[in-house]
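Following: one structure in structure tokens, then a few remarks.
The values are calculated or read from the model by the stated rules, or taken from the named source; none is laboratory data. Source: prediction; values computed, not measured. Cβ placement follows ideal geometry from the backbone for every residue including glycine, while neighbour counts extend to all protein chains displayed.
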Amino acid sequence: MNWNDWEFIWRRQKAPIGADADLERLRASFEASHRLQSRALLVRDVAEAAAGVVAAAALGYFGLRLGRAGWPFAFAVALILGVSGFFVLERIRASRIRIGPAATVLERVEADLAEMRRQRKLLTSVAVWYIAPIFLSELIVIATVAGRAKPWEIQRDPVFLGAFVLLMAGTNGWAWQINRRAVRKRIDPRLAELEKLRSDLLSGS
């Protein structure tokens, strides 16, 4: 997730206010927000899974081009496919817990709360299940290519290799930061709004 999922999900809406949000506004906008969130998560999961498959296929191709020396690429491919598989499992999970059209507003709110909590957990742990496997696959590719290069080629230059690794680490660190920011500015306020709406529905007001 090298982009801000929640900026994408709510890009056509105002940023969530949190516990201070107006109840009337929350009631009026809930169904639209629910549909937008569901569609956006579907697009994210499908896009991420497909991108992983394409990247794995490309790595597999280049690994084969290297011949026997390219065998470490198999581990890089497995790591990328593992990330894709995670998004496929997310789609399966979402389809299993989908509520029907006859569900009450309270049931829909509670379902959205559960989904927001799930997405919060994913984004706060993104370094483990998303960034680390991708970063490791990148290191495998670099090490394999550098190990096969001749001593005078740039792939063996320690300065080049160090700069490239730092660039990748910086890019992945930036991805981690924007997802943490999304939790603070988007998910936590939205959770507060849904909790407020749920309390209102339970109280019967």
Handout entry: Residues of segment 143-160 that turn out to be surrounded by 12 or more Cβ atoms within 10 Å (Cβ to Cβ) and either aromatic (Phe, Trp, Tyr) or within 24 Å of the chain's Cα centre (by Cα) (or both), as a count
Key = 1
Exercise for the section: Answer yes if at least one residue in segment 58-77 is over 24 Å from LEU191 (Cα atoms), touching a residue at least 60 places away in the same chain (Cβ under 8 Å) and in a loop (DSSP other than H, G, I, E, B), and no otherwise. Expected result: yes
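Can you name every residue in segment 21-72 that is under 30 Å from LEU113 (Cβ atoms) and among the hydroxyl-bearing types (Ser, Thr, Tyr)? Full working, then the answer.
Looking only at segment 21-72, we keep the residues that are under 30 Å from LEU113 (Cβ atoms), and these are 21-52.
Correct list: SER29, SER33, SER38.
Looking at the structure I just gave you, is ALA143 over 18 Å from GLN37 (Cβ atoms), out of contact with any strand residue (DSSP E or B) (no Cβ under 7 Å at 6 or more places or on another chain), in a loop (DSSP other than H, G, I, E, B) and not basic (Lys, Arg)?
Details: over 18 Å from GLN37 (Cβ atoms): yes; out of contact with any strand residue (DSSP E or B) (no Cβ under 7 Å at 6 or more places or on another chain): yes; in a loop (DSSP other than H, G, I, E, B): no; not basic (Lys, Arg): yes.
No.
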Practice task
Give segment 99-127 a look and list any residue that's exposed (fewer than 13 other Cβ atoms within 10 Å of the Cβ), aliphatic (A, V, I, L, M) and in a helix (DSSP H, G or I), or say none.
Solution key: ALA114
Problem - Yes/no for LEU167 being of a type outside the set (D, E, K, R), in contact with a helix residue (DSSP H, G or I) (Cβ under 9 Å, 6 or more places away or on another chain) and on the phi < 0 side of the Ramachandran plot - result: no
Practice task
Only residues in segment 146-166 that are within 16 Å of LEU136 (Cα to Cα) and in contact (Cβ under 8 Å) with a residue 60 or more places away in the chain count as the first member; pair them with residues that are surrounded by 15 or more Cβ atoms within 10 Å (Cβ to Cβ) and among the aliphatic types (A, V, I, L, M), Cβ under 9 angstrom, at least 6 apart or cross-chain, and list the lot.
Solution key: none
Exercise for the section: Evaluate segment 172-185: report whether one residue or more is over 17 Å from the mean Cα position of the chain (by Cα) and either surrounded by 13 or more Cβ atoms within 10 Å (Cβ to Cβ) or of a type outside the set (A, V, I, L, M) (or both). Expected result: no
Exercise for the section: Mind listing whichever residues of segment 1-36 are modelled with pLDDT under 85 and either of a type in the set (Phe, Trp, Tyr) or within 16 Å of the chain's Cα centre (by Cα) (or both)? Expected result: MET1, ASN2, TRP3, ASN4, ASP5, TRP6, GLU7, PHE8, ILE9, TRP10
